[in-house]
Amino acid sequence: MGLMDVLLKYVRKNVSVKVALLLTPPLIFLAVWFYAPFLIVGLYSFDMINIYREITFTPSLVHYSRVLSWTGASGIFLRSLYFAGINVLLCLLLGYPVAYYISFKVKKYKDVYIILFIIPFWVSFLIRTYAMMGLLDERSFFNTILLSLAIIDSPIKIMYTDVAVILVMVYNYLVMMVLPLYANLEKLDKTLLEAASTLGAGPVRTFLKVTLPLSMPGIMAGFLLVFIPSVGEFVIPELVGGPSNYMVGNIIYEIFMGARHWWVGSALSMLFIAFILSLVIIYIRGVGERGLAI
Amino acid sequence: MSEVYSVELENVVKRFGSVVAVDHVNLKIRENEFFSLLGPSGCGKTTTLRIIAGLEEPDEGIVKLYGKDVTDIPTYKRNIGMVFQHLALFPHMNVFENIAFGLKMRKLPREEIKREVKRILEIVKLEGLENRRINQLSGGQQQRVALARALVINPEVLLLDEPLGALDLKIRQHMMVELKNIQKRVKTTFIYVTHDQTEAMTMSDRIAIMKDGRIQQVGAPLEVYYKPSNTFVASFIGEAVNLIEGEIKENGIVDTSLGVIYCSEQSAKGKVAVMIRPENVEIDEKIDGVDNLFKGIVQAAIFKGSYIEYRVDIQGITFIVHKHGEENLGKIYPPGATVEVGWKKNSSLIIPVQS
């Protein structure tokens, strides 16, 4: 038996070695592309890298205090929350019926419905957004028709407003809500609904007492998948909004790329991450645990 | 004064595509009866039950609960209880909440709900498990929760869809006795769907035997066993049966390929079958005092515990004989032995051939 065989046998028998071997490549990848940059951002935020890109060991909170003393910060944070919150709510309100319908009412070719729903998302995010810009513009197809039919007398202005930002966000994130909800509702045992009806629950109460509570894990997954990326969104407000619709992501981008002040930009990023993380933890603790327990 | 029926089905038909799942079913189920729908899988028994529950809409016919036409009334407005094959307990609720669900839907006051749940938990013997989650219960306990949840609302009819199917034999046997006791205690009509004749025979007051969406026979367990209405029922009920086809020669005498067989009844005409239950047949070297006597050769003798099953070849037809009794167990006729097989004429019944 050669050395290779001995090694292979050892690995096969030893579960922890197996796990370690499986996890090493992704951990290396994450270390290089995520942990290291994140550490650098952290070092910048604590003023531990000077303008000559040298690491110094004199941490300071000066950049944090600059961010916190900036009176506009809370407004930007709130606006980010507001956009992401409205987005997640609309995605849920629009996505739940879609997932419910495909899962409960469609008998044949469910996959076709799901694929039809996913197809638009095979197109690049930027192209989709540019296409939406064409539809929201004052000289858009809709405005032209409505004007020529004399239904409106001046074009509807949507571009560069909150409505535009939210519309494009919902459009781009809806699929992230529908897929986990659909996966969850598909697993739901439909005889539970029949059982509820034999016990005297009509359609509304069956939904509220059985379907909805049992779809909490799906709602939660969809919520996190939509909320987290959309609260940090900066491309959509940049393209279809204006400076008055800027979110935290835009400000961070401006500080890094415009003002080139990596220290304050890093401090703002760290604060924002801490803020979102605490929100998510509160959310999972509150709404989540019941949902996750099933 | 006409009898009170808890459930009546009149000419009920249900089709799934080109398949007729329920084919002109007529049933009158008495009040507080333990009634079983028995048949092989795909015979339409579950569909019939779901039509009574309102979970399936019949294409034709009328469903009545206590004389009231409920054909167009949705499930949640019918006062029925149902125990599902896979129980369908709510996984996000504990035992108490599961059982209380129907009472909450009826908007009973909290105190009354507590009292009712306590009462039913005593009946199904689950006291003290109110706060358990469903996945912390054994299969038998889950069974009882499902039963309690369906019973606590005092339904006019309790529908049970093969509820014991998932349990192992010992618990199943125990639950059969228990179910029957509970039914006597709560005084409710039970309609029980099963493919297991032992379950149906053990618990039922009456059994409806179904095949291909049609009711073949409705009767008490003894009746369907000893007086099957056709060859399908005869072979479906009981462990084994001898069926010999032939033609009526004269009253009570059937001409078969074995020769003439003397029988007890004579109502039918033309092509019929003669049914002889294996336990009513004698087997010995020499038999006296029987009406029908044949010589045969033992093909196989299988020891089954309380009896011996013989397969005897009589002129090319395999005849099954069950020999009971301790005194016989020591003496087994080996394969190849020539024996006499005989029975009295009132042990052979003329029945119509199932078309």
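Here, each number is a calculation from the coordinates, and none is a lab measurement. Since the model is a prediction, treat every value here as computed from it, not as a measurement. Neighbour counts run over all protein chains shown; Cβ positions are idealised from the backbone, glycine included.
Assign one of three labels to segment A:140-294, namely rounded, prolate or oblate, based on the Cα gyration tensor with a ≥ b ≥ c the square roots of its eigenvalues; rounded applies when a/c is under 1.5, prolate when it is not and a/b is larger than b/c, and oblate otherwise. Judged from the Cα gyration tensor, segment A:140-294 comes out oblate (a/c at least 1.5, b/c at or above a/b). The Cα center of segment B:136-184 and the Cα center of segment A:40-66 differ in position by 69 Å.
Taking each of B:249/B:271; B:227/B:286; B:68/B:180; B:68/B:187 in turn, the alpha-carbon distance tops 18 angstrom for B:227/B:286; B:68/B:180; B:68/B:187. Globularity index of segment B:176-234 is 1.17 (Cα radius of gyration / 2.2 N^0.38 Å, N = number of residues).
Packing-wise, with mean Cβ within 10 Å as the measure, how do A:166-176, B:331-341, B:173-183 rank, highest first? Numbers along the way, then the final one.
Numbers: A:166-176: 22.2, B:331-341: 14.5, B:173-183: 17.3.
Going by the mean number of other Cβ atoms within 10 Å, highest first, we get A:166-176, B:173-183, B:331-341.
With the simple spin-label model, which puts each label point 7 Å out from Cα in the Cβ direction, the residue B:26 to residue A:154 separation comes to 7.9 nm. Over segment A:122-210, the pair-distance histogram of Cα-Cα distances with 5 Å bins from zero comes to 3, 12, 14, 12, 11, 9, 8, 9, 10, 8, 4, 0 percent, rounded to whole numbers.
In whole angstrom, how long is each semi-axis of the equivalent ellipsoid of segment B:77-179, when you take the square root of 5 times every eigenvalue of its Cα gyration tensor and sort them from largest down?
On the way: eigenvalues 90, 48, 30 Å².
The answer is 21, 15, 12 Å, longest axis first.
Under Stokes-Einstein, with the Kirkwood radius over Cα pairs standing in for Rh, what whole-number D in µm²/s applies to the protein assembly as shown at 37 °C and 0.692 mPa s?
Working: Rh = 32.0 Å.
Once the numbers are plugged in, D ends up at 103 µm²/s.
What residues from segment B:1-35 fall in the zone where the backbone N is under 17 Å from a label point 7 Å along the Cα-to-C-beta line of residue B:60? B:9-27, by backbone N distance to the label point.
Take the residue pairs B:211/B:345; A:108/A:187; B:211/B:344; B:14/B:107; A:105/B:104; A:105/B:77 and return only those whose Cα atoms are more than 24 Å apart.
Details: B:211/B:345 30 Å; A:108/A:187 16 Å; B:211/B:344 31 Å; B:14/B:107 34 Å; A:105/B:104 28 Å; A:105/B:77 22 Å.
Exceeds cut-off: B:211/B:345; B:211/B:344; B:14/B:107; A:105/B:104.
Taking every Cα-Cα distance in chain B and sorting them into 10 Å bins starting at zero, the pair-distance distribution P(r) comes out as 5, 21, 25, 21, 15, 9, 3, 0 percent. Secondary structure note: in segment B:5-231, about 55% of the DSSP beta bridges are antiparallel. Can you tell me how segment A:12-146 classifies by the Cα gyration tensor, rounded, prolate or oblate, using a/c under 1.5 as the rounded cut? Note, shape of segment A:12-146 comes out oblate.
Look at where the Cα atoms of segment B:197-220 and of segment B:53-99 average out, and the two centres are 22 Å apart.
Each residue, residue B:3 and residue A:32, gets one label point 7 Å from its Cα in the Cβ direction; the gap between the two is 8.4 nm. Each other residue within a Cβ distance under 12 Å of residue B:69 adds +1 if Lys or Arg and -1 if Asp or Glu, for a net charge of 0. Sort chain A into rounded, prolate or oblate with this rule: let a ≥ b ≥ c be the square roots of the eigenvalues of the Cα gyration tensor; rounded if a/c is under 1.5, and if a/c is not under 1.5, prolate when a/b is larger than b/c, oblate otherwise. Note, shape of chain A comes out oblate. By the compact-protein rule of thumb, 2.2 N^0.38 Å, the alpha-carbon radius of gyration of segment B:240-352 corresponds to a ratio of 1.05. Per the Debye calculation on segment A:46-116 with a single equal scatterer at every Cα and no solvent contribution, log₁₀ I(q)/I(0) for q = 0.26 Å⁻¹ amounts to -1.04. Per-residue shielding of A:199-209, expressed as the average number of other chain Cβ atoms within 10 Å of the residue Cβ, stands at 6.
Distance distribution P(r), segment B:199-265, all Cα-Cα pairs, bin width 5 angstrom from 0: 3, 16, 22, 20, 17, 12, 8, 3 percent. Here the Gaussian network model covers chain B, with springs between Cα atoms less than 10 Å apart; of B:319, B:303, B:236, B:303 fluctuates the most. Counting every other Cβ atom within 10 Å of each residue's Cβ, B:250, B:60 order from fewest to most as B:250, B:60.
Near residue B:37, the amide H atoms lying under 5 Å from its own belong to B:192, B:193, B:194, B:208; only residues 5 or more places off or on other chains count, and H is placed 1.01 Å from N. If the label point is 7 Å along Cα→Cβ of residue A:253, which residues in segment A:60-89 have backbone nitrogen under 15 Å from it? Only A:80 fall inside the zone, counting backbone N under 15 Å.
For peptide B:92-103, the mean count of partner chain Cβ atoms within 10 Å of a residue's Cβ comes to 3. Building the convex hull from the alpha-carbon atoms of segment A:78-132 and averaging its projection over directions returns 4.8 nm². Translational diffusion of segment A:1-60 was estimated from the Stokes-Einstein equation, with Rh taken as the Kirkwood radius over Cα pairs; at 25 °C and 0.890 mPa s the coefficient is 168 µm²/s. Less than 5 angstrom separates the built amide H of residue B:211 from those of B:216, all sequence-distant by 5 or more or on a different chain. Dipole of the protein assembly as shown computed with +1 at Lys/Arg Cβ and -1 at Asp/Glu Cβ about the Cα centre; of A:227, B:234, A:46, farthest Cα towards the positive end is A:46. The magnitude of the dipole of segment A:137-223, with charges of +1 and -1 set on the Cβ of Lys/Arg and Asp/Glu and taken from the Cα centre, is near 280 debye.
GNM on chain A, alpha-carbon springs under 10 angstrom: the most fluctuating residue among A:162, A:153, A:47 is A:153. Computed from label points 7 Å out along Cα-Cβ, the spacing between residue B:235 and residue B:279 is 2.2 nm.
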